[in-house]
1. Give, rounded to the nearest 20 debye, the magnitude of the charge dipole that region 131-175 has about its Cα centre when Lys and Arg contribute +1 at Cβ and Asp and Glu contribute -1 at Cβ.
2. Any chance you could run the full-extension gain for Ala217 through Ala239? It's 0.36 nm times the residue separation minus the Cα-Cα distance, nm to one decimal.
3. Of the accessible area of the chain, with the probe set at 1.4 angstrom, what percent is carbon plus sulfur?
4. Positive end of the dipole of region 68-127, charges at C-beta (+1 Lys, Arg; -1 Asp, Glu), about the Cα centre: which of Ala96, Leu82, Tyr106 has its Cα farthest in that direction?
5. Can you find, among Gly206, Phe238, Thr275, the residue farthest towards the positive end of the dipole of the chain? Put +1 on the C-beta of Lys and Arg, -1 on that of Asp and Glu.
6. For Lys21, Lys152, what's the largest-to-smallest order of accessible area, 1.4 Å probe?
7. Rolling a 1.4 Å sphere over the protein heavy atoms, what is the accessible area per residue of region 22-113, to the nearest Å²?
8. Arrange the residues Trp173, Trp315, Trp98 by how much accessible surface each exposes, largest first, with a 1.4 angstrom probe.
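The values are calculated or read from the model by the stated rules, or taken from the named source; none is laboratory data. Note that this is a predicted model, so its numbers are computed, not measured. Because the Cβ atoms are built from the backbone with ideal geometry, glycine has one as well, and the counts that use them run over all protein chains shown. Only protein heavy atoms, including side chains, enter the accessible area calculation; ligands, DNA and RNA are left aside. Shrake-Rupley method; radii C 1.70, N 1.55, O 1.52, S 1.80 Å.
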Amino acid sequence: MGLDAEHGQLVSRWPNNPFQKLVGCEHPIIQAPMANAGGVELAIAAIIAGALGSLPCGMLSERQIREQVAEVRTRASGPINLNFLCHRMQQGSDDAAWRALLNPYYEEFGIEAAGPGPTRLPFDEAACGAVEDLRPEVVSFHYGLPADPLLKRVRETGAVILSSATTVAEARWLEERGVDAIIAQGFEAGGHTARFMGSDPAEALGLFSLLPQIADAVSVPEIAAGGIADGRGIAAAFALGASAVQIGTAYLLTPESLIPDPFKQLIASRPTLMTNLYSGGLARASRGRLIDELGPVREEAPPFPMATAALVPLWRAAQGRG
């Protein structure tokens, strides 16, 4: 895996890039974290290729964070980004309607409904302690920022702090709280939408509309995210004010991705759309049977990230059926 010659030549010629000076990577490209899809091998390959490699930490224990960072440090020399989530867990959320909706699929596959399982957790004391010990060059957040005491501790490690914005208001809020760069996440982005200030999802902007608005509104460097997969997209993002790009979906098709091969084929061949079926939060996904039969957005799905646990046994059963 690696950057192709076109991409490398393009970004190496771009003048006076503040992101590269801030982070210290060879190319102004961030490998998007992508929980369940990215990991140690993808981060290592991205770093070796000159990008900023990222580890998705929202589903990792403190021990796993430490182990994965140690492996990356052993096998690759370059800056690393640890990515964390800042959502609020809604205690006591009732998912009975969600499980009832999924029950025909449990019966079809002959499996029992799952109980509570591993889920995406917000940044906490344990994760912050790991950051303090590991001293990553970059720490990025999704869904805003952690509480001020935790953010202060992260800042004191010397890490460059990034977070995602989907609106100008979110970008200004992040700048006021001292982030070093802002990821402008367009509607095209493949991951969960980073909306955290309650804007209407129907008002979401595409990247190339959002990016210049954020560039005009804040003074820190901007990172473009959403649908960028080649040199043309990189050049367009830079022309609209970006200092770097964050690339996700294009990395999913690489050998280092954790996505099984059949799912890579789906990604490459099927259209995508926004759905809340897989986690309870809006995210872009390839169209499949569940979306076709239930529709992309259901009120029965519990809030992010609580919808995932009920789907895990179905995903495993479908994978086994081939």
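1. Values: 5 positive and 7 negative charges, 12 e Å.
Charge dipole, region 131-175, about its Cα centre: 60 debye, nearest 20.
2. Values: separation 22, 0.36 × 22 = 7.92 nm, distance 1.62 nm.
Contour length minus Cα-Cα distance gives 6.3 nm.
3. Numbers: 7660 of 14670 Å².
Its accessible area is 52 percent carbon and sulfur atoms.
4. My answer, from the dipole projection, is Leu82.
5. Of Gly206, Phe238, Thr275, it is Phe238.
6. Working: Lys21 145, Lys152 115 Å².
The residues order as Lys21, Lys152, largest area first.
7. Values: 4030 Å² over 92 residues.
For region 22-113, the solvent-accessible area averages 44 Å² per residue.
8. Most to least solvent-accessible, the answer reads Trp315, Trp173, Trp98.
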